[in-house]
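I have placed the structure first, in the form of structure tokens, so that the comments after it can refer back to it.
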Amino acid sequence: MTYNVHSCAQKEPILRPGFTCGGIYETWETGLLVDGRDYYLAFYRAAREPRRYILMAGWQFDSQVRLLREKDLKEAGEDPSPLSFLNDRWNRGG
């Protein structure tokens, strides 16, 4: 089976082994991995100092995943998992 890995607007492939992906392989099962660094960092910053409350609706995550990585972690001085971070916010009353 042949797969079209070209975008509609571009002539060159979106998936380029060694550059935009590790490789192109045939598979029967799939999953999606998204690097949520910017999303988690924005959430972390907003949730550290909420004005009134934190509302999280329909948010599914692994409680062991770090909210911060690399330089963001060094700047914050802590290594919060979502569960420990939210528990800390709850215990502080915000």
Fill in the blank from the handout: Candidate cut points under GluC sites (Glu not before Pro) in region 23-94, DSSP loop plus at most 16 other Cβ atoms within 10 Å of their own Cβ, are GLU26, GLU29, GLU78
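Taking the Cβ-Cβ separation of GLU78 and TYR53 as r and a Förster radius of 22 Å, what is the calculated FRET efficiency to the nearest 0.05? Let's see the in-between values first.
Numbers: r = 22 Å, r/R0 = 0.98.
With a Förster radius of 22 Å, E is 0.55.
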Fill in the blank from the handout: FRET efficiency (THR20, LEU41; Cβ distance; R0 22 Å; to 0.05) is 0.45
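Quick note: the coordinates plus some simple rules give every number you see, no bench work behind them. Treat the numbers as computed from the prediction; the structure is a model and nothing was measured. When we count neighbours, we look across all protein chains shown, and the Cβ atoms used for this are built from the backbone with ideal geometry, even at glycine.
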